[in-house]
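Each remark here refers to the structure printed beneath this line.
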Amino acid sequence: AQSVSQHNHHVILSEAASLELGCNYSYGGTVNLFWYVQYPGQHLQLLLKYFSGDPLVKGIKGFEAEFIKSKFSFNLRKPSVQWSDTAEYFCAVTRLSSNTGKLIFGQGTTLQVKP
Amino acid sequence: NAGVMQNPRHLVRRRGQEARLRCSPMKGHSHVYWYRQLPEEGLKFMVYLQKENIIDESGMPKERFSAEFPKEGPSILRIQQVVRGDSAAYFCASSPPGQGAQATEAFFGQGTRLTVV
């Protein structure tokens, strides 16, 4: 089935460790790619997005993601995590062919950063 | 500019009752999306509405669920005769007019957590 997959369901890191969260999608055609973050008790916030152009995208709070078209991947990275990065992270895709802008989400990754 | 407002934040209903979830989009936004997050799962698209029109309801269960976005007032997601399996977090998102497939960003509300007892 066509989907968005996040490989890591629960990640535990110590502060200052590097982070990489995997995201793969299985849709053909043109897609827009997003990473959202949900801090405890809060709404989803956009971290970064990719539509076209430079496949290395920089977002807020030091996050970046790289779109690798041949691998259908859009992995999220941060060189040095902080305790305040503890949250749930969602990768999402919109398909231009759907013409609606609806987001198709991965199942999410819970990141726990230990101080 | 207030963000996307959802209410109530928490809703408890007994089996068989009706649940009404409200979403007020950001000012100037005319596109509304509803998503459902079941425990241990990601968000699943339910329905996409523009003012007075349902554009895409491919993610809505066939029975008991309905949504509207009237000309005036908030968007409403209505669940009739709730069952325990409806317990979930329901999120609303909005985007400006003219975006659709070219949406640069959807802004999310804080969600309504529905518990069916």
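The values are calculated or read from the model by the stated rules, or taken from the named source; none is laboratory data. No experiment lies behind these values; they were computed from the predicted model shown. Reconstructed Cβ throughout: ideal geometry from the backbone, glycine too, with neighbour counts over all protein chains shown. Surface areas here come from the heavy atoms of the whole protein model, side chains and all, with no ligands, DNA or RNA. Shrake-Rupley method; radii C 1.70, N 1.55, O 1.52, S 1.80 Å.
Brief remarks follow.
- Volume per residue for the stretch A:1-59 equals 129 cubic angstrom (convex hull of Cα atoms).
- Between A:Phe51 and A:Arg77, the contour length at 0.36 nm per residue exceeds the alpha carbon distance by 7.6 nm.
- When A:Asp54, A:Asp85 are compared by accessible area at a 1.4 angstrom probe, the order from most to least is A:Asp54, A:Asp85.
- Estimated from the Cβ-Cβ distance and a Förster radius of 41 angstrom, the FRET efficiency linking B:Arg84 and A:Asn99 is about 0.70.
- Taking the square roots of 5 times each eigenvalue of the Cα gyration tensor of the protein assembly as shown, largest first, gives ellipsoid semi-axes of 29, 21, 16 Å.
- One decimal place: the segment B:Lys51-B:Glu105 gains 17.6 nm when fully extended, by the rule 0.36 nm per residue minus the C-alpha distance.
- Per-residue mean of foreign Cβ neighbours for A:28-34 is 1 (Cβ atoms of other chains, 10 Å radius).
- Two-site FRET efficiency, A:Glu20 against B:Ser58, from Cβ-Cβ distance with R₀ of 41 Å, rounded to 0.05: 0.80
- At least 20 Å² accessible surface lost relative to isolated chain, residues of the stretch A:70-98 (1.4 Å probe): A:Phe90, A:Leu96
- Spatial separation of Cα centroids for the stretch B:50-91 and the stretch A:40-115, in angstrom: 27
- Ranking by accessible area, most exposed first, for B:His31, B:His10 with a 1.4 Å probe: B:His10, B:His31
- Normalised per residue, the accessible area of the stretch B:1-89 is 56 Å², obtained with a 1.4 Å probe and no contribution from ligands, DNA or RNA.
- Calculated FRET value between B:Ser30 and A:His10, using beta carbons and R₀ = 35 Å, to 0.05: 0.40
- About the centre of its Cα atoms, chain B shows a dipole size close to 480 debye [charges on the beta carbon of Lys, Arg (+1) and Asp, Glu (-1) only; nearest 20 debye].
- Annotation: aspartates and glutamates with alpha-carbon distance below 13 angstrom to B:Lys51 (same-chain offsets under eight excluded): B:Glu68, B:Glu72.
- Alpha-carbon spread of the stretch A:14-115, three principal axes, descending order, Å: 44, 27, 20
- Between the amide H of B:Gly111 and those of B:Gln6, B:Cys92, distances stay under 5 Å, these residues lying 5 or more places away or on another chain, with hydrogens modeled in the peptide plane.
- A simple spin-label model places the labels of B:Glu68 and A:Thr110 3.8 nm from each other, with each point 7 Å out along Cα-to-Cβ.
- Separation of the alpha carbons by more than 28 angstrom is noted, of A:Lys69/A:Lys102; A:Lys78/B:Lys27; A:Lys102/B:Lys62, for A:Lys78/B:Lys27.
- Note on A:Lys114: aspartates and glutamates with a C-alpha under 13 Å away, same-chain residues under 8 apart excluded, are A:Glu15, A:Asp85.
- Straight-distance crosslink candidates among aspartates and glutamates, where the alpha carbon sits under 13 Å from A:Lys49 and sequence neighbours closer than 8 are dropped: A:Glu64, A:Glu66, B:Glu105
- For chain B, the spherically averaged projection of the C-alpha convex hull amounts to 7.0 nm².
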